[in-house]
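**Student:** Mind looking over this structure? Questions follow.
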Amino acid sequence: MILSLSHVRKAFLDQEVVKDATFQLAEREKAALIGSNGAGKTTIFRMIVGELCPDEGAVILPKGLVPGYLAQNAAPESAHTIYDELLSVRSDLFETEQEMRLLEKEIEKQGSDTDALVLKHSALNEYFEKENGYALRSEVTGILKGLGFTEADFDKKIAFLSGGEKTRVALGKLLLKKPELLLLDEPTNHLDMKAVAWLESYLESYPGAVLLISHDRYLIDRVAEKVIDLSFGVTEVYRGNYTAFAAKKEARLYAAEREYEKQQKEIRRQEEIIDRFYRYGTERQIKKAKSREKLLSHVERLEKPVEENNEMKLRLIPTIESGNDVLAVEGLSKAFGAKTLFRDVSFELHRGEKIAVIGDNGTGKTTLLRIITGELAPDSGTVRYGTKVYAAYFDQEHAALSPEKTLFQEISDAYPHMDNTRIRNTLAAFLFTGDDVFKSVGSLSGGEQGRLALAKLMLSNANLLILDEPTNHLDMISCGILENALRAYEGTVITVSHDRYFINAVADSILELYEKHFIHYQGGYDYYLEKEELFHSLFAPDTAVREAEKASQADRMRRKEESARIRKAENELKKTEEEITRLEEKLKALDEEMALPENASDADKLLSLHEERDADEQELNALLVKWESLMS
């Protein structure tokens with residue numbers, strides 16, 4: 001057992017945040033801690049790492065174990081570059097390597113009586129190899145690229161990075177450390193879809209234990225072996241991933257509701273019998289009534305099962321049915337300055353279709369939605385709505401909300417025909433009750449603003465919903481409610497989303513922005529993953545042909561020359577990598593040969609090996625410089 005929490009309780013002043021947290025984590029086990037926003041998940045993490053002390057109960061870790069902890073919005077401060085900041089994590093290996101080089105020079109200098117030095121060098125080399133010292137730089141490069149940094153980013157100073165970039169650096173440092181217990185609090189917040197997919201694969205094969213807090217249900221499905229549910233301050237452990245947890249929790253809640261209703265029915269029956277006995281008024285009947293009352297008073301009454309946020313109501317009902325042809329986008333192009341986001345984009349949307357738009361960050365997904373809604377003009381191309389199409393737009397920044405207004409005013413100003421009772425009922429359906437309706441919109445959290453925007457969306461009665469990251473800031477239960485509402489919605493949906501679980505639950509098809517064009521996948525996210533590589537390979541040549549037809553002869557020649565240059569560079573890169581591998585293997589063999597006892601006392605042999613190793617190392621360093629140049 002690498003971690004154990006036993007009946008842990010934590011309160012802040014008079015607010016009890018964690019009432020009873022009890023769970024264990026075995027070595028190499030992967031688990032997810034989930035719960036609604038503000039449930040106390042981060043508080044539990046802070047107690048595990050010792051930032052907070054529990055009021056009651058115990059947090060138990062093996063002696064000497066220091067968990068690796070990624071807090072939300074972690075932002076390292078450093079004068080280093082991104083690359084050097086990660087290298088600094090394993091400064092011990094650089095010190096070991098330096099000591100090895102000094103020992104080698106000392107062995108070469110002494111010539112004889114070097115047994116002790118050779119043994120020390122051998123021990124250091126063994127540690128260096130065990131800790132993957134020879135491949136450290138390659139590992140750093142792999143982690144940084146996996147987290148979405150390009151080689152052009154490696155030399156950027158930490159001080160000039162955005163908050164999200166700093167958090168990615170902090171995550172990279174933690175992964176390079178490889179602690180026995182990894183605690184990750186919302187690790188995907190600043191990652192695009194490709195980086196999240198890379199992180200999933202990394203965590204699946206991670207050699208230690210992992211406990212993560214995440215709103216990314218697809219990530220939990222891929223990584224977690226068990227789910228720890230924190231509801232109303234109490235933990236409940238479920239074996240399996242998120243999908244298994246959701247099914248088991250629903251079944252458990254249903255069974256609990258049935259047991260509660262059954263007991264309530266029996267209590268009412270006994271109370272009616274007791275009341276009847278008292279009405280009869282005879283001594284015998286009154287005695288029976290009192291006897292039943294006594295028995296009933298000793299019954300352990302079940303509490304009514306409740307689920308956090310399960311009262312939020314979301315029904316999306318278009319009042320008017322659109323024509324079959326809902327939206328036609330033809331020849332759309334958009335650039336900002338010298339940066340082209342997309343060009344010659346064409347697609348159609350028909351009644352009842354639900355399409356998700358995906359693509360790398362910065363490819364223009366939100367820009368596409370803004371052009372469709374008319375907020376932004378395209379550089380070329382047209383957007384045409386079909387007959388009887390009424391659209392509603394949910395933007396991820398909630399720009400349509402007015403920060404200075406109260407929640408009540410936000411609804412009443414948008415829908416002046418609604419009376420006070422209906423406005424209050426609508427807000428109550430989205431968990432805004434009592435004096436909440438008089439809060440200012442600007443004082444709401446991101447999740448609360450999302451719920452308010454959904455309330456306005458519900459009232460719009462639109463038959464085309466244009467949604468930009470609708471699950472941002474929503475907790476898992478609210479995401480599920482939105483998914484159910486969209487599945488039942490009879491209108492048309494086009495949504496930009498990075499939430500892969502949401503895409504799988506809602507979308508019939510996917511539009512991927514790739515190489516400044518769209519690829520249409522007739523299926524959900526799992527289908528996209530299955531076909532992505534094939535479609536990319538088929539699409540690229542078509543794109544080249546389409547562009548070549550529009551280009552001049554000179555442009556075609558330039559592209560041909562560029563392709564030839566790339567092929568030549570790729571061949572040279574391949575040969576360089578093969579030569580680097582050969583030299584790395586040779587250096588490893590030379591190190592092993594130098595460490596042999598029979599060579600330790602043979603000064604001539606050792607000197608010859610050292611000279612050969614130095615020559616090979618110089619050649620390797622030159623090849624690495626060449627490799628870096630070819631990769632740039």
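**Student:** For the stretch 222-307, which trypsin sites (Lys or Arg not before Pro) pass both filters: DSSP loop (anything but H, G, I, E, B) and at most 11 other C-beta atoms within 10 Å?
**Tutor:** Answer in residue order: Arg301.
**Student:** Compute the Rg to Rh ratio over the stretch 246-297 from the alpha carbon atoms, using the Kirkwood formula for Rh, and round to two decimal places.
**Tutor:** Answer for the stretch 246-297: 1.30.
**Student:** Can you list residues whose amide H is under 5 Å from Ile358's amide H, if they're 5+ apart or on another chain and H is modeled 1.01 Å from N?
**Tutor:** Leu511, Glu512, Leu513
**Student:** I want to verify the translational diffusion coefficient of the stretch 317-358 in µm²/s; compute it with Stokes-Einstein, Rh as the Kirkwood radius over Cα pairs, at 20 °C and 1.002 mPa s.
**Tutor:** Estimated diffusion coefficient is 171 µm²/s.
**Student:** Using a Förster distance of 56 angstrom, determine the FRET efficiency expected from the C-beta separation of Glu283 and Thr421, and round it to 0.05.
**Tutor:** 0.55
**Student:** While we're on this one: What spacing in nm lies between the two simple spin-label points modelled at Ala595 and Leu13, each 7 Å away from Cα in the Cβ direction?
**Tutor:** 6.1 nm
**Student:** Oh, and also: Under a Cβ-only charge scheme (Lys and Arg +1, Asp and Glu -1), can you give me the dipole magnitude of the chain about the Cα centre, in debye to the nearest 20?
**Tutor:** Numbers: 84 positive and 111 negative charges, 748 e Å.
I would put it at about 3600 debye.
**Student:** Thr382 label point, 7 Å along Cα→Cβ, cut-off 13 Å on backbone N: hits in the stretch 315-340?
**Tutor:** Under 13 Å, as judged by backbone N against the label point of Thr382, lie 328-332 of the stretch 315-340.
**Student:** Nothing charged except the Cβ atoms of Lys and Arg (+1) and of Asp and Glu (-1): what's the magnitude of the dipole of the stretch 246-297 about its Cα centre? Round to the nearest 20 debye.
**Tutor:** That gives a dipole near 200 debye.
**Student:** In degrees, nearest 10, range 0 to 90: what is the angle between the Cα axis of helix 446-459 and the longest Cα principal axis of the chain?
**Tutor:** 50 degrees
**Student:** Looking at [x] 3, 12, 18, 21, 18, 13, 8, 4, 2, 1, 0, 0; [y] 3, 12, 19, 18, 15, 13, 11, 7, 2, 0, 0; [z] 3, 15, 25, 24, 14, 6, 3, 3, 3, 2, 1, 0, which value of P(r) over Cα pairs in 10 Å bins from 0, in percent comes from a calculation on the structure shown?
**Tutor:** Structure-derived value, by its label: [x].
**Student:** Here is a further query. Over all pairs of distinct alpha carbons, what does the Kirkwood formula give as the hydrodynamic radius of the stretch 299-404, in Å? Display every interim value, and only then the final one.
**Tutor:** Working: mean 1/r = 0.0582 Å⁻¹.
That comes to 17.2 Å for the stretch 299-404.
**Student:** Within 10 Å of each residue's Cβ, count the other Cβ atoms and sort Cys479, Cys53 from fewest upward.
**Tutor:** In increasing order of surrounding Cβ atoms, one gets Cys53, Cys479.
**Student:** I'd like the GluC sites (Glu not before Pro) in the stretch 327-393 restricted to DSSP loop residues with at most 15 other Cβ atoms within 10 Å, sorted by number.
**Tutor:** Within the stretch 327-393, the qualifying GluC sites (Glu not before Pro) (loop, at most 15 other Cβ atoms within 10 Å) are Glu375.
**Student:** Follow-up. Which of Val441, Val345 has the fewest other C-beta atoms within 10 Å, and how do the rest follow up to the most? Walk me through the numbers before you get to the answer.
**Tutor:** Values: Val441 19, Val345 22.
Ranked by crowding around the Cβ, least crowded first: Val441, Val345.
**Student:** Looking at the stretch 99-161, which GluC sites (Glu not before Pro) are in a loop (DSSP not H, G, I, E or B) and have at most 15 other Cβ atoms within 10 Å?
**Tutor:** Counting only loop positions with at most 15 other Cβ atoms within 10 Å, the GluC sites (Glu not before Pro) in the stretch 99-161 are Glu131.
**Student:** Let me ask you something else. Can you work out ³J(HN,Hα) from phi for every residue in the stretch 246-256, in order, using Karplus 6.51 cos²θ - 1.76 cosθ + 1.60 and θ = phi - 60°, giving whole Hz and x for Gly and Pro?
**Tutor:** Rounded to whole hertz, the list is 4, 5, 5, 5, 4, 5, 5, 5, 5, 5, 5.
**Student:** Just name one of Tyr278, Ser291, Ala247: the one whose Cα is farthest towards the positive end of the charge dipole of the stretch 246-297 (beta-carbon charges, Lys/Arg +1, Asp/Glu -1).
**Tutor:** Ser291
**Student:** Still on this structure, please answer the following. In the chain, what % of DSSP beta bridges are antiparallel (nearest 5)?
**Tutor:** Counting DSSP beta bridges with both partners in the chain, the antiparallel share is about 50 percent.
**Student:** Now a separate question. Quickly estimate the mean residue ellipticity at 222 nm for the chain, helices only: each DSSP H run with n ≥ 4 gives -39500 (n - 2.57), and the total goes over all residues, rounded to 500. Each step should come with its number before you reach the end.
**Tutor:** Values: 20 runs with 311 residues, N = 632.
Taking each H run of at least 4 residues, the total per residue is -16000 deg cm²/dmol.
Readers should treat all values here as calculations from the given coordinates under stated rules, not as data from a laboratory. Note that the structure is a prediction, hence the values are computed from the model and not measured. Virtual Cβ from ideal backbone geometry, glycine too; neighbours counted across all protein chains shown.
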